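Presented below is the structure to which this report refers.
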Amino acid sequence: MEELGRLEERVILIGVQTAAEDNVLDSLDELEELAETAGAVTVGRIIQNREAVHPGTYIGKGKIEEVRSLVYAMDATGVICDDELSPAQLNNLERELDCKVMDRTLLILDIFAARAVTSEGKIQVELAQLRYRSARLVGLRESLSRLGGGIGTRGPGEKKLETDRRLIRTRISALKQDLAQVEKHRELLRTGRARGKVKTAAIVGYTNAGKSTLLNKLTGASVLSEDKLFATLDPTTRILNLKDGQQILLTDTVGFINKLPHHLVEAFKSTLEEAKYADYIIHVVDASNPQAEMQIHVVYETLKELGVLGKKIITLFNKQDAPGAAVLRDFKSDYSLKISARTGEGLDTLNDLLEKLLTEELIYVERVFPYQEAGKIQLIREFGQLISEEYTESGIAVKARVPREIYPQVV
């Protein structure tokens with residue numbers, strides 16, 4: 001039997017620079033990394049300087065000829081544009097170049113489709129894919145009818161069922177109902193945590209900043225952590241036991257990225273809202289990345305879009321052990337620390353800071369409990385911080401710190 005290997009996709013990256021401050025080269029570097037994550041090899045790049053992207057073909061006529069020649073010369077199988085294409089741009093470019101045309105959004109959706117593991121992740125990705133494709137049925141009709149493989153074909157893309165608008169709408173409606181059930185379950189989990197009086201911290205940051213590595217190092221979790229974009233999609237929550245006996249829940253969230261497709265923000269809203277309902281935000285920054293300042297800006301813009309405001313933010317400048325780690329500042333955060341999640345450098349300082357923040361939320365209590373009210377001390381042990389207890393003739397003398405929520409029950 002002859003074994004068929006996977007077709008290697010050879011792609012050319014296309015970017016349009018519309019303003020002097022646009023850093024298209026860095027954006028294409030990230031696009032190349034995305035392509036590599038999706039399993040493609042970049043064989044060429046073309047950048048066009050224009051006042052605005054061409055409304056019909058993304059790039060101008062002369063550049064189209066240049067791209068066509070490069071596709072032929074490099075034996076490329078497709079091109080990837082650095083922005084989201086309109087249905088008309090996609091259709092026209094595909095006709096002009098006579099090869100597969102993809103955009104940044106489709107590439108990210110494809111990576112998410114490959115990485116989704118849980119049922120929630122798969123629902124969210126399929127919903128985002130269908131929303132993206134429902135607006136592009138005219139442009140995609142021919143390409144979707146072809147048999148093929150590679151980037152853009154994972155997930156629901158190849159099914160003839162979803163090339164019909166009415167059936168796509170039906171499928172989207174069904175997925176929304178499934179997602180609503182998942183969100184209901186997530187809300188119940190949040191309510192349970194709130195009832196348990198344990199504070200929560202959401203770990204956010206640009207993709208590949210080291211969020212999962214940090215969670216694993218702090219809590220002993222076994223979350224997949226790789227030096228890849230979007231290595232993990234599904235949120236994971238673990239308890240961190242601090243040195244003074246206090247506890248805090250840490251939740252790892254999906255990574256952010258520049259030009260994050262709005263379809264994904266919408267579909268992953270229930271996942272990303274872990275940050276919205278957290279008590280603290282732990283913002284992880286890859287200090288060794290030359291684009292760290294841009295990445296910090298993207299994270300804050302995404303948090304703003306999600307309505308995450310008024311939280312205490314701890315910024316961790318991660319990967320201090322890596323060569324080229326820069327000295328950075330985050331003026332929007334309340335606290336900043338230098339750490340290495342891989343080696344553990346600076347994590348003791350983070351532990352001390354979390355202890356300090358949690359202690360600030362507690363109210364100091366010093367009183368003598370009659371023996372018939374000894375049950376209240378168990379409440380302090382469970383939700384607060386018992387500093388000392390002494391058994392006397394008149395009762396149990398206690399010094400403790402308790403959360404505001406249970407303070408009325410112990411005084």
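The values are calculated or read from the model by the stated rules, or taken from the named source; none is laboratory data. Everything numeric here is computed off the predicted structure, so don't read it as measured data. Cβ: placed from backbone, ideal geometry, glycine included. Neighbour counts: every protein chain shown.
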Would you list the helices (runs of 4 or more DSSP H) that sit entirely within region 79-136 and hold 1 or more residues that are assigned by TED's automatic domain parsing to the domain that holds Lys61 and under 19 Å from Val182 (Cα atoms)?
104-115, 119-134
Determine if region 321-336 includes at least one residue that is among the basic types (Lys, Arg), without any contact (Cβ under 8 Å) to a residue 24 or more places away in the chain, assigned to a helix (DSSP H, G or I) and surrounded by fewer than 19 Cβ atoms within 10 Å (Cβ to Cβ).
no
Kindly indicate whether Asp348 is of a type in the set (D, E, K, R), at pLDDT 90 or above and either in the same structural domain as Tyr280 (by TED's automatic domain parsing) or surrounded by 17 or more Cβ atoms within 10 Å (Cβ to Cβ) (or both).
yes
Output for Cβ contacts, cut-off 6 Å, separation at least six or different chains, first residue more than 22 Å from Asn289 (Cβ to Cβ) in region 305-318, second among the charged types (D, E, K, R) and part of a loop (DSSP other than H, G, I, E, B), reads Lys312/Asp334
For region 16-23, does any single residue satisfy the condition of being within 13 Å of Leu97 (Cβ to Cβ), surrounded by 11 or more Cβ atoms within 10 Å (Cβ to Cβ), in contact (Cβ under 8 Å) with a residue 40 or more places away in the chain and in contact with an Asp or Glu (Cβ under 8 Å, 6 or more places away or on another chain)?
no
Looking at (1) closer than 27 Å to Val265 by Cβ; (2) in contact with a helix residue (DSSP H, G or I) (Cβ under 9 Å, 6 or more places away or on another chain); (3) of a type in the set (Asp, Glu), can you tell me which one Glu36 breaks?
(2)
What is the residue count in region 49-78 for residues that are assigned to a strand (DSSP E or B) and either within 30 Å of the chain's Cα centre (by Cα) or outside the structural domain of Gly39 (by TED's automatic domain parsing) (or both)?
2
Quick test for you: out of Glu405, Glu393, Glu389, pick the one residue that is in contact with a helix residue (DSSP H, G or I) (Cβ under 7 Å, 6 or more places away or on another chain) and more than 30 Å from Val265 (Cα to Cα).
Glu389
When the residues of region 52-89 are filtered to those that are at pLDDT 90 or above and touching a Gly at 6+ places or on another chain (Cβ under 6 Å), which remaining residue is surrounded by the most Cβ atoms within 10 Å (Cβ to Cβ)?
Asp82
Residue list for region 92-112, restricted to those being closer than 20 Å to Val24 by Cα and either within 20 Å of the chain's Cα centre (by Cα) or modelled with pLDDT under 90 (or both)
Asp103, Arg104, Thr105, Leu106, Leu107, Ile108
Consider only pairs whose beta carbons are under 8 Å apart and that are at least six residues apart or on different chains; among these, list those whose first residue lies in region 390-411 and is farther than 21 Å from Thr359 by Cα and whose second residue is in a helix (DSSP H, G or I) and acidic (Asp, Glu).
Gly395/Glu373
What residue, of Ala201, Ala194, Ala174, is of a type in the set (Gly, Ala, Ser), part of a helix (DSSP H, G or I) and at pLDDT 70 or above?
Ala174
Does Ala341 satisfy the condition of being closer than 20 Å to Asn216 by Cα, of a type outside the set (S, T, N, Q) and touching a Leu at 6+ places or on another chain (Cβ under 9 Å)?
yes
Just give me the residues in region 35-47 being at pLDDT 90 or above and crowded, with 16+ Cβ neighbours inside 10 Å, in sequence order.
Ala35, Ala40, Thr42, Val43, Gly44, Arg45, Ile46, Ile47
Checking Ala38 against (1) without any contact (Cβ under 8 Å) to a residue 60 or more places away in the chain; (2) under 25 Å from Gln295 (Cβ atoms), which test does it fail?
(1)
When (1) farther than 16 Å from Glu9 by Cα; (2) in contact with a helix residue (DSSP H, G or I) (Cβ under 9 Å, 6 or more places away or on another chain) are applied to Ser69, the one that fails is (2)
Boolean, Thr232 is modelled with pLDDT under 80, buried (at least 19 other Cβ atoms within 10 Å of the Cβ) and either assigned to a helix (DSSP H, G or I) or touching a helix residue (DSSP H, G or I) at 6+ places or on another chain (Cβ under 6 Å) (or both):
yes
Residues of region 48-70 being among the aliphatic types (A, V, I, L, M) and over 17 Å from Gln89 (Cβ atoms), in sequence order, are Leu70
